[in-house]
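Structure record follows, encoded as structure tokens.
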Amino acid sequence: MNSSELKIYTHNLELFYGDAQALKNININIDEKKVTALIGPSGCGKSTFLKTLNRMNDLIPNVKITGDVYFDGLNVYKEYDIVELRKKVGMVFQKPNPFPMSVYDNVAYGPRIHGIKSKSKLDEIVEKSLVNSALWDEVKDRLKKNALGLSGGQQQRLCIARVLAVEPEVVLMDEPTSALDPISTLKIEDLMDQLKEKYTIVIVTHNMQQAGRISDKTAFFLHGEIVEYDFTEKIFSNPTDKRTEDYITGRFG
Amino acid sequence: MAAESSVSIELKGKEKKGSVSHFMKKNKKNMGSILEKIIENIFFLCACMAILSVVTITVYIFAKGSPAIFKIGIAEFVFGMVWMPTSGVFGIFPMIVASILATLGAVVIGIVVGLFTAIFLAEIAPGWLVRIFRPAIELLAGIPSVVYGFFGLIVIVPLISEYLGGAGNSLLAGIIILAIMILPTIISISETSMRAVPPSYKEGSLALGATHIQTIFKVIVPAAKSGILAGIVLGTGRAIGETMAIILITGNTPLIPTALTDRIRTLTANIALEMGYAHGLHQEALFATGVILFIFIMILNIVLNAIVYKKVNQ
């Protein structure tokens, strides 16, 4: 179908919060170095699905997961050490969540916990990550200042830099621009376009235009199921399922 | 009165109703604002009582205590090695050392045990265990100090005597009891401040591949730092001011300790032990001991305020 390599795929993935089923029979192939958008109404399971990919659901008590998630051909829940997995599958959250420490320390946090101590090496990683997250020019003179003093958009790009510093292969983004103003949003979208040259990006978004602008493929979630998954152009111009059409034309959701 | 006027309004019809009810509203608002003012002033008076007490205590202690310090001589008083009121020799240096050592020892143990307990309660323990531990720790905070002293006397002092020799009433006994006494303060304030750390910090750290323990020590504890420090300073204040338990278990000998099993007398114990029968310069010297203690407490409070101030400015 296309030349892309398969990065992540799931097989009959199901997830329960206690007795409530949040994901039903999810089978999806995510291509390497592409942007995959997950859309759907609130509570449809798209964020939950995103969190199965780096096992952030492990934090929530009473979660039961059946089926399999494969990352680079290995089973995420059976064959990966969780630390190793999260190094390779980074995550950017809905609300920017920089740590209450300096800009530099935020970016250096990941490399440091993974054992890098050399100051020159850390300097290099910090600069590279901030350049790649299009933040370097804005913060290069205030690396030692507290990150909480940055604007919301800058904080979110700092969080992206923090993820890039660990050199992941996949970046998961959970509505990364929903708390940001339009200009910051645009900057992050531009950034994603650059990032997909090196990284596989999976993004959850409520913003239909955003999904249309940035993604190569789009999956439409509804009530814990994937209704339709196809190339973004196809989903937005000629959806197969009536429910997808209703949703993207704003008839519900 | 209100009922009466509303009746008359109904009788007089719609036209006047508007203006009268408007007037009533305004009147009611005035009444309300007067009541507000009265209540605000009651609050103000209550606040004054606390301030007044602090000012009175400060002035009184310094007024009563300072003359003795100058009569004895600052250096002789603060650095004097001998306390013999009957011979008119008033040196409190051994007691200053004892107070500092006992407090320091207690705070070191208290920080380690208290911080780890707080981490356990805030981050690691399952809910049901927290529901058992927390009330137990709160109970610890409510036990009167004389009971701590009694416990020290019948349990800790004999244990020290048996395993380390000596009579048992010692610096070590004081450190242990003080450490237990300041634990609830350190634990509850540290736990509260760690629970106040936004969960998003924790998620962010874990998502980067950090382990739970790494996340605790590199993100959660630093983020809760000012609260934890405040807890430690408050605990220190409690330890340095503690009197009753200390009198019962430390032997009260005013000499500089050379070993953990030596007897000590703290500044607080000195005042409490002798105030009952002291008079003249001896009594003034006890007030002067209070001045020194007061200065210690003030320094601690300044440190605490600096910490809180720093937090606000972050």
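Checking A:TYR70, A:TYR109, A:TYR104, A:TYR77 one by one, the residue that is within 14 Å of chain B (Cβ to nearest Cβ), buried (at least 16 other Cβ atoms within 10 Å of the Cβ) and aromatic (Phe, Trp, Tyr) is A:TYR109 and no other.
Identify all residues within the range A:13-27 that are in contact (Cβ under 8 Å) with a residue 12 or more places away in the chain and not β-branched (Val, Ile, Thr); write none if there are none.
First pass over the range A:13-27, keeping only residues in contact (Cβ under 8 Å) with a residue 12 or more places away in the chain: A:13-18, A:21-27.
Within the range A:13-27, A:LEU13, A:GLU14, A:LEU15, A:PHE16, A:TYR17, A:GLY18, A:GLN21, A:ALA22, A:LEU23, A:LYS24, A:ASN25, A:ASN27 meet the criteria.
A residue that is over 22 Å from B:MET244 (Cα atoms), surrounded by 16 or more Cβ atoms within 10 Å (Cβ to Cβ) and of a type in the set (Val, Ile, Thr) occurs nowhere in the range B:147-159. If you check B:ALA136 against the conditions, is it assigned to a helix (DSSP H, G or I), of a type outside the set (S, T, N, Q) and in contact with a strand residue (DSSP E or B) (Cβ under 6 Å, 6 or more places away or on another chain)? No; evaluated as a whole, the condition is false for this residue. When the residues of the range A:200-253 are filtered to those that are touching a Lys or Arg at 6+ places or on another chain (Cβ under 7 Å) and part of a loop (DSSP other than H, G, I, E, B), the one that is surrounded by the most Cβ atoms within 10 Å (Cβ to Cβ) is A:GLY224. Screening B:GLY209, B:GLY235 for residues that are within 14 Å of another protein chain (Cβ to nearest Cβ) and either crowded, with 17+ Cβ neighbours inside 10 Å or part of a helix (DSSP H, G or I) (or both) leaves exactly one candidate, B:GLY209.
Being farther than 18 Å from A:GLY224 by Cβ and at pLDDT 90 or above is the filter; apply it to the range A:48-67 and report the residue that is farthest from the other protein chains (Cβ to nearest Cβ). Let's see the steps before the verdict.
To start, the set of residues in the range A:48-67 that are farther than 18 Å from A:GLY224 by Cβ comprises A:54-55, A:58-59, A:61.
Going one step further and asking which of them are at pLDDT 90 or above, we end up with A:54-55.
Details: A:ASN54: 6, A:ARG55: 9 Å.
This residue is A:ARG55.
Within the range B:83-101, the residues that satisfy the criterion of being assigned to a loop (DSSP other than H, G, I, E, B) and surrounded by 14 or more Cβ atoms within 10 Å (Cβ to Cβ) are B:GLY91, B:ILE92. All conditions but one from (1) in contact with a helix residue (DSSP H, G or I) (Cβ under 6 Å, 6 or more places away or on another chain); (2) within 12 Å of chain B (Cβ to nearest Cβ); (3) among the small types (Gly, Ala, Ser) apply to A:GLY149; the one that does not is (1).
On inspection, A:LEU122 passes the criterion of being crowded, with 17+ Cβ neighbours inside 10 Å and more than 14 Å from chain B (Cβ to nearest Cβ).
The residues in the range A:231-249 that are out of contact with any Phe, Trp or Tyr (no Cβ under 9 Å at 6 or more places or on another chain) and in contact (Cβ under 8 Å) with a residue 12 or more places away in the chain can be counted, and the count is 4.
Within the option set B:LEU286, B:LEU260, being under 26 Å from the mean Cα position of the chain (by Cα) and part of a helix (DSSP H, G or I) holds for one residue only, B:LEU286.
Checked against the criterion of being away from chain A (no Cβ under 14 Å) and assigned to a helix (DSSP H, G or I), the candidates B:ALA167, B:ALA173 yield just one match: B:ALA173.
The values are calculated or read from the model by the stated rules, or taken from the named source; none is laboratory data. Bear in mind that the values here come from a model prediction, so they are computed numbers and not experimental data. Here the Cβ is made from the backbone with ideal geometry for all residues, glycine too, and neighbour counts use every protein chain on show.
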